[in-house]
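What follows is a set of notes on a single structure, which appears directly below.
The values are calculated or read from the model by the stated rules, or taken from the named source; none is laboratory data. All values derive from a computational prediction rather than experimental measurement. Note that each Cβ is placed from the backbone with ideal geometry, even for glycine, and that neighbours are counted across all protein chains shown. We work out accessible area using only protein heavy atoms, side chains counted, and drop any ligands, DNA or RNA first. Shrake-Rupley method; radii C 1.70, N 1.55, O 1.52, S 1.80 Å.
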Amino acid sequence: MRPGGIAKNLTATVLAVLFVFPVYWMFSSSLKPQSEIMTKDPVFLFTPTTGNYTTATGVDLFWTYVRNSLTVTAGAVLLALVVALAASFALARMRFRGRKGLVLVVMMAQMAPWEVMVIAMYMIARDNDMLNSIPLLTLIYFVMVLPFTIWTLRGFIAAVPVELEEAAQIDGCTRGQAFRKVIFPLLAPGLMSTSLFGFITAWNEFAMILMLNKEKESQTLTLWLTQFQTAFGSDWGATMAASTLFALPVLVVFLFLQRRAVGGMTAGAVKG
C-alpha cells in the first residue's frame, strides 16, 4: 500500500474512534454502578448491571412520554411528506409567477434558527389556550421539517426526466396517475432521506417542548432525560441509560437506511 493510502486509512481510523468513543462511553456508563461512574480514573473493566435501565424506565409516565414522542414525530414526518410532495412537484414541474421567490422563501426558512421563535410561539399558544397541546407541538415540528423536505424532494422530482411523464400520459394516464405510477416509485431515496432528517429533528427537539408543554402528561422523551436529579446530584447511571434508550431508535433507523438515505441527501441537494 502506498504511503498516501496508509495515511488516509490511519486518519479515517482516528476519526472513527473519535466519533464512536462518546457513544461507547455512554453505553458502557449505562451499565456501570454509580460508584464506578464517579471515579477519578476511568473504569473499562466492570461487572455490568441493568439497574440504571430499571431506574430510567421506572419513572412516572415513562410510557406516556414514549407515546407522545412517537405521536409528534410520526405526525410531523407524515404531514411534511404529504405537503412536500405536492409543493415540490409544483416547484419542479410547473411554471408560475413567483416560483423563484417561493424557492427562495423555502431556502430562507430552512436556514432560519427556530430557537428565535420560541417566545413568539409561546405567546401565540398562551393567547389561544393551546399550551400543553400535542397537536400544536406536532404542527410546529411539521413546519420545522417542511422546508428541507420540499427542497430535497424538489431536486429528486427535477431529476426524473419529464419524458417519462409524457410517455405515461400518451399511454392514457392523467397527470396525477403519471405522478403516482412513474415519479413516486423513483422517489424512494429522497423520501427516506427526508423522513430520516424529519425524524431526527422532531425526535431530538428540546426548546419548544420545554417552553410550550409544562404538564408532564404532554411532555416527550427529551424532557424525560432531564429528570434524573437527586438531592445528592445527578444520577449519571440512569442518565446514561436514558440517553442510550433515547438514541437507540434513531441509530437503528439510520443504520437501516444509511446507504440510500445518504445518497438521497447528496443527490437531492445538487439536482434540479
For this session: Give the accessible area for residue 82 in Å² (nearest 10); use a 1.4 Å probe, count only protein heavy atoms, and leave out ligands, DNA and RNA.
Result: 100 Å²
For this session: Please say if the stretch 57-116 is rounded, prolate or oblate, where rounded means a/c under 1.5 for a ≥ b ≥ c the square roots of the C-alpha gyration tensor eigenvalues, and otherwise the choice is prolate for a/b larger than b/c and oblate otherwise?
Result: oblate
Problem set entry | Most fluctuating residue given options 58, 198, 190, as computed from a GNM of the chain linking Cα atoms under 10 Å | 58
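Would you be so kind as to identify all helices of the chain, as entire DSSP H runs, whose Cα atoms reach 27 Å or more along the helix's own axis and whose mean Kyte-Doolittle hydropathy is at least -1.0? Present the calculation step by step, with values, prior to reporting the outcome.
On the way: long enough: 3-30 (40 Å, 1.11); 62-93 (46 Å, 1.41); 134-159 (37 Å, 1.80); 236-270 (43 Å, 1.29).
The qualifying helices are 3-30, 62-93, 134-159, 236-270.
As a test of reading the structure, rank 141, 53 by solvent-accessible area (1.4 Å probe, protein chains only), most first. If you can, show how the numbers build up before the last one.
Values: 141 5, 53 45 Å².
Greatest to least solvent exposure: 53, 141.
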For this session: Please get the size of the charge dipole for the chain, origin at its Cα centre, with Cβ charges of +1 on Lys and Arg and -1 on Asp and Glu, quoted in debye to the nearest 20.
Result: 1040 debye
Exercise. What's the lysine pair count for the chain at a Cα cut-off below 30 Å, pairs eight or more apart or interchain?
Worked result: 6
Seminar exercise, completed: The answer for the longest stretch of the chain without any exposed trypsin sites (Lys or Arg not before Pro) (DSSP loop, at most 12 further Cβ atoms within 10 Å) is 98-213
Exercise. At a probe size of 1.4 Å, how large is the accessible area of residue 148, to the nearest 10 Å²?
Worked result: 40 Å²
